[in-house]
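Worksheet for the structure shown next.
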Amino acid sequence: MKVAFIGLGNMGTPMARRLVKAGHEVTVWNRTRAKAEPLRSEGAKVADSYAEAVSQAEVVVTMLADDAAVQATVQAAGGVIDKLPKGAIHISTSTISVDLSGKLHEEHRRRGHHYIAAPVFGRPEAADAGKLFVAVAGDQAAVERARPILEALGQRVFVVGEKPEMANVVKLSGNFLIASVIESLAEAIALTRKYGIDPHEYIEVLTNTLFAAPVYKTYGGLIAEAKHEQAGFTVRLGLKDIRLALSAAEEVDAPMPVASLVRDRLLAGVGRGFAKHDWSVLGRLAAEDAGVK
């Protein structure tokens, strides 16, 4: 398929690479062109603008940081919505608000396009290996047309409904759960370290007994190693997602007291200068609060 890929950050680059490897005709664009150029040697075309990238596309995939970036690229005059051919599909893999997803669906519908929300679970290394999990919602026929793209990106595709915003709710609630696990691990590791227990040994116990899930292995390991500088997912982005989850919850009167706590912990991380660190840096905050070096 003719695919335009917009947004080549930590996640977008390996995702675009997977589509090239799967044999799709991929044109890429990124605001910082230097991030797009390496994909040229791997078989992708590099566009001078996002409008150029999408003008001949059957499918456009966006992986952008937040609502503002999506609005500036997709909804702006001369942007994706203006330049996308009729009948084409926009797959938004970005973690954005429920409200914006609904508005994008309606705008695309009016222009004769199809809009699918397909946020992904997984860190950059999973994206590079094609091991993401994809939560998808949108018109059933459009989802089936886009399935070759979706399956090239991840190891499993979960169709969660026909309203695109349903996939965004799944993603935001999932990221809330990840953040909750990180905060819980941070506190538990700080406690056990105060009693002289090696964090690596503690994580070995946890992840080989009741907590064998990948999220415990990944973030328990990062906290034990104190590897927070190289961010797979930043504190700033985590804070954005928890705020979006709380906003979605408020819209339907669903209290999320734990989410409020996690928001404050992430906000404390930003306040301490860790905005660009991996959000596993919550482990450092908990250790410092406990007086552990």
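Throughout, read-outs are computed from the coordinates displayed, never taken from laboratory work. Given the structure is predicted, the values throughout are model-derived calculations rather than measurements. So basically every Cβ, Gly included, is an ideal-geometry build from the backbone, and we count neighbours across all protein chains shown.
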field: Local net charge near residue 49, Cβ-Cβ under 14 Å (Lys/Arg +1, Asp/Glu -1)
entry: +1
message: Can you find, among 36, 69, 186, the residue sitting farthest towards the positive end of the charge dipole of the chain, where Lys and Arg contribute +1 and Asp and Glu -1 at Cβ?
response: 36
- prompt: Rounded if a/c is under 1.5, else prolate if a/b beats b/c, else oblate: with a ≥ b ≥ c from the C-alpha gyration tensor eigenvalues square-rooted, which is the stretch 2-162?
  reply: rounded
- prompt: What percent do you get for the relative contact order of the chain when only Cα pairs under 8 Å and 6+ apart count?
  reply: 14 percent
- line: Going from the fewest other Cβ atoms within 10 Å to the most, one would list 11, 166, 63 as 166, 11, 63
- line: Looks like the stretch 1-62, by Cα gyration tensor root eigenvalues a ≥ b ≥ c and the a/c under 1.5 rounded cutoff (else prolate when a/b is bigger than b/c, oblate otherwise), is rounded
message: Which of 170, 205, 98 ends up with the largest GNM mean-square fluctuation for the chain, with Cα atoms connected below 10 Å?
response: 205
- prompt: Among the GluC sites (Glu not before Pro) within the stretch 3-92, which fall in a DSSP loop and have no more than 15 other Cβ atoms within 10 Å of their own Cβ?
  reply: 42
task: Rank 271, 43, 232 by mean-square fluctuation in a GNM of the chain with C-alpha springs under 10 angstrom and give only the top-ranked residue.
output: 271
message: Counting only helical runs of four or more DSSP H residues, what would the 222 nm mean residue ellipticity of the chain come to if each run contributes -39,500 (n - 2.57) and the total is spread over all its residues?
response: -15500 deg cm²/dmol
message: Past 32 Å, Cα to Cα: identify those pairs from 45/227; 103/217; 35/83; 21/163; 171/194, in the order given.
response: 45/227; 103/217; 171/194
- line: Fewest-first ordering of 86, 276, 240 by Cβ atoms within 10 Å yields 86, 276, 240
message: Using all alpha carbons of the chain, what is the percent of pairwise distances in each 10 Å bin, ordered from the shortest bin to the longest?
response: 7, 28, 33, 21, 10, 2, 0
- prompt: Is the shape of the stretch 40-86 rounded, prolate or oblate, going by the alpha carbon gyration tensor and its root eigenvalues a ≥ b ≥ c, with a/c under 1.5 for rounded and a/b larger than b/c for prolate?
  reply: oblate
- request: Could you work out how far helix 257-271 tilts from the main Cα principal axis of the chain, as a 0 to 90 degree angle to the nearest 10?
  value: 90 degrees
message: Nearest 10 degrees is fine. How inclined is helix 140-153 to the longest principal axis of the chain, computing both from alpha carbons?
response: 60 degrees
task: Springs between alpha-carbon atoms under 10 Å, Gaussian network over the chain: tell me which of 115, 216, 50 tops the mean-square fluctuations.
output: 216
